[in-house]
Structure formats: structure tokens, C-alpha cells
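Notes follow once the structure below has been shown.
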Amino acid sequence: MPIFRRSLYVALVSTSFMAFAACASSGQMGVVTARAPLQQSIAQCKPDFVLAVDPSSATIQAGSSKVYQIGLTSECGLAGSINVGTTSISPADNGSGPRPHQTRYDIPLGANAKAGVAVTFSTSGATLKTTYTITITAKDVSGGCCYGVTHTASISLVVN
């Protein structure tokens, strides 16, 4: 009596499951599909941080100042030093426009923690009475996985 060996070959195609079955004794091939797609989604978390500025807009009189709170929030375990500062004020005002003052520029940020710094914009009586758009930039400067990750926020300051 002859002995028949049967072989089964399986191939995975893309993210769905499809099997090709071949029977060595009959030479036939068939396709078997799964009842549900075989898909695996793994949530990936990339270390990052969020930059927020409060308030986003303010109105002051020429010759006075306004304090904005810059907030940093770590996401997915990012920890390091974040350099924060004013990178542009528009329109340019020939030296008499709003001037930023802050006590610290490199802000330590713990993993999954929050940190922040205050920035004060001062004006003089000679400051042009208009709406200024101010850009705040925060950049990871600590090295490692997230060195160079940068976020910006735009705020406005109306000077009357």
C-alpha cells in the first residue's frame, strides 16, 4: 500500500491572512482565507513636548508691560532641557517696540511632567500703537533621542 505525504504551504500576504494549501498527493492547490483580517496595531508613543502660552492675546497701554506664562508639558517620557525664547516680534519697531524679559531660557523638563517660565513684554511711551505678533520658540537642547525637536506658538500684543 503506497504512503502519501501531504504538504501544506502557508504564505502571509500584506496585513491580511491568506493561506495557500497544496496537496502533494493530488497536485491541487486551493486558497483559504481567514474569517477576519489578521491585523496588529501597536500604539507607538514618540517622546515629545507641548508648548502653550497664556494668554494668547493681550491689550496694554504704551509705556506698560504684560506677563505671559510659557508652559511646557512632556509627552511619552521626554525629559531634558528645553530652550525657550522670543524669536520674532512683528512689526519691527526701530528699537522702541515690545521688549521681552525672562529670568531663564533653558527650562528643565522631567519625564511626563510640566514646567514653565514667565516672559514679560515691556513697552515705552514711544512704542508704536499697533498689534504685534510675537513668536515664541521652544527647542529640546539636551541631546539624545529628541535633540532639536522644536515647537512654536504665536501670540499677539495690542498696544494702545
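The values are calculated or read from the model by the stated rules, or taken from the named source; none is laboratory data. None of these values were measured; they are calculated from a predicted model. Backbone-built Cβ (ideal geometry, glycine too); neighbour counts: all protein chains shown.
Of all residues in the range 61-81, which are surrounded by 17 or more Cβ atoms within 10 Å (Cβ to Cβ) and in a loop (DSSP other than H, G, I, E, B)?
L78, A79
Return the residues of the range 95-107 that are farther than 18 Å from T135 by Cβ and not in a loop (DSSP other than H, G, I, E, B); say none if nothing qualifies.
D106
Going through the range 108-126 one residue at a time, which ones are crowded, with 20+ Cβ neighbours inside 10 Å, assigned to a strand (DSSP E or B) and either over 16 Å from the mean Cα position of the chain (by Cα) or without any contact (Cβ under 8 Å) to a residue 60 or more places away in the chain (or both)? Write out each step before concluding.
Here is the first cut: in the range 108-126, the ones crowded, with 20+ Cβ neighbours inside 10 Å are 109, 119, 121, 123.
Restricting the remaining residues to those that are assigned to a strand (DSSP E or B) gives 109, 119, 121.
Hits for the range 108-126 are V119, F121.
Please find, among A43, A92, A52, A58, the residue that is aliphatic (A, V, I, L, M), at pLDDT below 95 and either part of a strand (DSSP E or B) or over 21 Å from the mean Cα position of the chain (by Cα) (or both). First the steps, then the outcome.
Values: A43 fails: either part of a strand (DSSP E or B) or over 21 Å from the mean Cα position of the chain (by Cα) (or both); A52 fails: at pLDDT below 95; A58 fails: at pLDDT below 95.
That would be A92, the only listed residue that is aliphatic (A, V, I, L, M), at pLDDT below 95 and either part of a strand (DSSP E or B) or over 21 Å from the mean Cα position of the chain (by Cα) (or both).
Kindly evaluate K129 against the criterion of being under 12 Å from F49 (Cα atoms) and either over 16 Å from the mean Cα position of the chain (by Cα) or of a type in the set (D, E, K, R) (or both).
Judged against the criteria, K129 is not a match.
Which of the residues belonging to the range 133-150 are assigned to a strand (DSSP E or B) and within 16 Å of the chain's Cα centre (by Cα)?
I136, T137, A138, K139, D140, T150
Looking at the range 137-148 only, could you name the residues that are touching a Leu at 6+ places or on another chain (Cβ under 7 Å) and among the aliphatic types (A, V, I, L, M)?
A138 - this is the single residue of the range 137-148 that is touching a Leu at 6+ places or on another chain (Cβ under 7 Å) and among the aliphatic types (A, V, I, L, M).
Read through the list (1) in contact with a Gly (Cβ under 9 Å, 6 or more places away or on another chain); (2) under 18 Å from A138 (Cα atoms), then give the number of the only condition that T86 fails.
(1)
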